Structures are given as C-alpha cells and as structure tokens.
Amino acid sequence: MSNKLSPIEAIKIKSDGLRGTLKESIDLDNHTGNVRPDDETLVKFHGMYVQDDRDRRAERAAKKLDKLYSFMIRLRIPGGVINADQWIATHDISEEFGTGTLKITTRQTVQLHGLLKHQLRPTIQAFNTAKLDSIAACGDVNRNVIVSSHPQLSPLHQEIYEYADKISTLLLPKTQSYYEVFIDGEKIYERSSEADPLYEDRYLPRKFKIAIAIPPSNDVDVFTNDIGLIAIIENNKLKGFNIAIGGGLATTHGNPNTYSRLGSIIGFADTEEKTLKAVYEILTVQRDFGNRVDRKLSRLKYTVDKLTVEGFKNELERRIGFELLPEQPFRFTERSDRFGWEQNHEGKWFYTLFVEHGVVKPYQKQFLYEVAQFKISNFIFSGNQNLILGEIADGDKAKIEDLLVKHEIDKHDSALRKNSMACVALPTCPLALAEAQRYLPELVTKIEPILEKYNLQNEEITIRMTGCPNGCGRPYVAELGFVGTGPGQYNFMLGGDRYGERLNKLYKEKQTESEILNEVDHLLDSYTKEKNENETFGDFTFRKIISQN
C-alpha cells in the first residue's frame, strides 16, 4: 500500500488556519452556488457541509444547469441545552434562511438545511448574536460533546453536564478563522495567538466524537464514540469516570478492512483534572498515530486496534503521567427517552416531546415557539433526536399543558416508532445509497400491524435505518437495523441488545420492503413462541439466530 498522504491532509496544512480561499469563494465566485474544491473540505471545520438536491440532478443536467447547491449548518451545543431566547433566535433564523425545517441530530444539536451560499454569513452572524456557533461541529476535530439528556436521571446531572462544555472548550481549535471569514470579515494579522498545541496545522486524521453517559441510561450510545465517559456515582457523589476508547460504526460496503467497533474501557479517572488530561491526550495519540493515508481507516478505532488496547493505554499513560485506576462497576438498564412529564429531585418539571427522526414538524415548531415566548423553560436536545422542555416550575406547568392541548401534541405513537432513528439520507446527503429519514416512518407504519398481530405493540424494540454504511443513525446498535445498499434495498442487521452494549450482525443482504416485512413477521412469530421470560427481542435474536451462525 502507498504511504502517500490523503489529499485532505495537504488541504489542511496549507489552509492558513482553515481559512483557505473561503472569503473568495463566498464573496467573488458568483458563477456557482458551491465553494472552491479545497474549500469544500475546509467549510466542514466551520460546521457546514456542501450539499445538492439529488432529486433534481437529472432535471438540471438536462437543462445544462449547475447542480442545485446548498449548505447545511450544524450548531455546536455541548450537552444539547439552550435557553428560550436561543430557541426563538434559532426558530427565526430557520424561517428566514434555508428550508425552514429544523433538524435535531443524534449529537444533541440542530442543523439547518438548504442555505444558499450568500446566506451563510448572515446566518452565522445571527447565530453569533444569540451566542450560538457552529465551530468544529464538523471536520477532522472533536465534534459536539454529548451527555445523557434527562436531568431526572441524577441529582448530579448538572455537575456532569458541565463536563461537556469543559471538554468542548478544551478541544476547540485555536484558529480565529471562523470569526474572520463569517463574522466580522477583518483579517487577523497577529497569528501568534493561534498556535495550537493540540491540532497543530494538520488537525486530526478524521472526525472525533465524545459522549458522557449517566447510568442507568445509555441514551447517548456511549460505546459508539471515540471516547466514552461513564459517570460513576456513589452515595450521590460523582466519583469519576470510566473511560472507553475506540468506538465507531462507519463501514464501507465491499471493503472488509472496515468494521464497526464498540469502545473498550481502559480504566477509571477519579478527578476532573485527570479526566480532562486523559481526554486531551487521547486526542494527541490519535493525532500522532492515526492513519493519514486512507481516510476509510483513519478513525480512532483503527488506531486502537493497530496499537492494541493495551499498547494504546500504555502510550496514553506515558503522556498523562499517571496510571488509570481499574474500571468501576456500572449498569445500563435503559436507552430510550422518558416521554411526557417527569419531575426531578428539585421539583422542577420536564416534558419530553417525541420528534420523529429529529424533523421538527410545523405544528411542533409553532408549539415550541409559543412555549419559548413564556421564557419559563430551557430546551434540551436528546441523543435520540427528541426535545425536552426543562426546568419548568410547578406553577408554570399548566401553561405548557394548555399549549400541548392547543397544538394536539400528545400523539399516541407506538413504542417501535418512539424507538426509531434514521439519518437524513436522500435527497441531500451525497453518500446516501437509499432512503432513510423519508422512508423509515412508512416502514414502521407497515410493521405496526405485525406487532399488534403478536400483541407486541408496547414492546420497546429499537429500529434504526441509514441510507449508507456510514451509520449516522447508529443502525449497528439497534435490535432491527437497516443499512442502505441501493434504491429500495437494505442490509438487514439483527442481534443488537436493547441498551447499546452489543453490535448487531448481518442477517440478510439487500432486502426489499416485502422481504423485510416477511422476515419481521417470521421473527416476531418465533419471538412470541420461543422467548425466555423477560427476554428482549434483541437478546432473543442473538441467542437463536446470530450466535448460531
């Protein structure tokens, strides 16, 4: 294999702190809705992706028109919490720019689609006014740090949540190019302040994701992240964090060198200082040892397996200057969000709104806008793409309840639908091979009668779908996983557990809808007849099918 660096590496190094020719692309290149080729890479570091409407490619090509380019902007919201004023600003910005649709992502943030190039700067400036930004939401850097979303989980939730912001700040790139290109437009001549001992001028070999879980909930799918921190609480005191490394789901069809991997716990850090030091130096190990030749093999999981878990841990401990303590016991017993009303230890109320695949529907958007006008709650995005209205005082709860009735928010969705997840896929994702977000609701509608047939409509089976093997909707840790292989065809994945601690496996290749429905019918029939007492669907299929093959 050639050891020639990936072309992306050269783009990063010569980018002048991620500036490239972005200003020229935005201000001067009026002949296209796109930015220059190298800038397509750099714009990701500023929280944006270039996309085009694939539904209209053929039509525009026939007219000899350029692709219908647009941009997606993703915000950086560590821990996924914003206040009412920030929700109002986000609402207003989405109405003025882009398609008007707000999309809640699997990383506790929101993204706007369909922005035109000339709208980028005013959009980012408007977010900046609301004290929101998209710095490092994409690109070869640490991305949005996520944390178990429901404060009802633990009286220590706030203390643990604050780690998300501390880690995000610690791992931000030092370059001021975001502000220079998109906010004030002034060139910053003094660059000495931009010296970046973490990222240097080459940044990481690939994207990097960090999640913090608060047992008993694994709503963040902690083991699918490059770094997973598991909060250990004893006697209502945070003892520290178990540290897991090397999680990641993306694969490539036809490339056996790529694979999904769950994180390996390497030890326990018992202070904030040690935890932050370990997190920082895990990134430096990845920076120095990660694959910069083949981007398909460049995530931390491949670095861990190349060095071995023990070898990686030894290198990490050499850099941090102390030994990690032994892993502490913990247990996950849930992964779903807690829908409807819940009350925390302080008597504050929280209402979890089901947002199917994170797409905020118009009636939900209006409801949330009216809630925000009261200024009586904050807004918490969950790792399952739902939204929690939080910190509501007892005396204010009735105001929210009145709006719930007015906008007919309390729908009786099935347990399967509430435990479904899909990536954006077509028409905007350039990697998508099949539908996901637009199709999974239809598939769930067709599976629901089968569940009723076997009296399983209240069974909280996780079902997830992605349009390609990159796994953005985390299908490889679902009980029913579907990975797009082509138009109308999916690899059917089976045997994942309910709490995100076991990968599923390929069950059937390239299944059409009718084949999927037939298989689901057969599997549910077997499940009702042959399951053990209290055995989940995922554990049953693993025991009866996957482990037998």
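No value in this document is a laboratory result; all are computed from the given coordinates. Note that the coordinates shown come from a computational prediction; the quantities given were computed from them, not determined experimentally. Counting neighbours? That spans all protein chains shown, and the Cβs are built from the backbone with ideal geometry, glycine included.
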Which loop GluC sites (Glu not before Pro) in the range 342-378, with loop taken from DSSP, have no more than 14 other Cβ atoms within 10 angstrom of their Cβ? Glu346
Stokes-Einstein translational diffusion, the range 416-548 - Kirkwood Rh over all Cα pairs, 0.692 mPa s, 37 °C, in µm²/s: 227
Under 1.5 on a/c is rounded, so check that first for the range 17-102, then, if it is not, pick prolate when a/b is larger than b/c and oblate when it is not; a ≥ b ≥ c are the square roots of the alpha carbon gyration tensor eigenvalues. oblate
Please compute the contact order of the range 416-548 in relative form: average sequence separation of alpha-carbon pairs under 8 Å and at least six residues apart, divided by the residue count, as a percent. 21
Magnitude of the Cβ-charge dipole of the chain, K/R +1 and D/E -1, about the Cα centre, nearest 20 debye? 1460
Pop out the ³J(HN,Hα) list for the range 453-463 in order, Karplus 6.51 cos²θ - 1.76 cosθ + 1.60 with θ = phi - 60°, rounded to Hz; leave Gly and Pro as x. 4, 9, 6, 10, 5, 9, 6, 7, 6, 7, 10
According to the Cβ-distance criterion of 4.7 Å, cysteines of the chain with no possible disulfide partner are Cys138, Cys429, Cys468
Round to a whole angstrom and tell me the spacing of the C-alpha centers of the range 367-432 and the range 202-276. 27
³J(HN,Hα) across the range 87-94 via Karplus (A = 6.51, B = -1.76, C = 1.60, θ = phi - 60°), whole Hz, x for Gly/Pro? 5, 4, 4, 4, 4, 5, 5, 5
What are the lysines whose alpha-carbon lies under 24 Å from the alpha-carbon of Lys531, with same-chain residues fewer than 8 places away excluded? Lys418, Lys446, Lys453, Lys505, Lys508, Lys544
Rounded, prolate or oblate: which fits the range 340-411 when a ≥ b ≥ c are the square roots of the eigenvalues of the alpha-carbon gyration tensor, with rounded for a/c under 1.5 and prolate only if a/b beats b/c? oblate
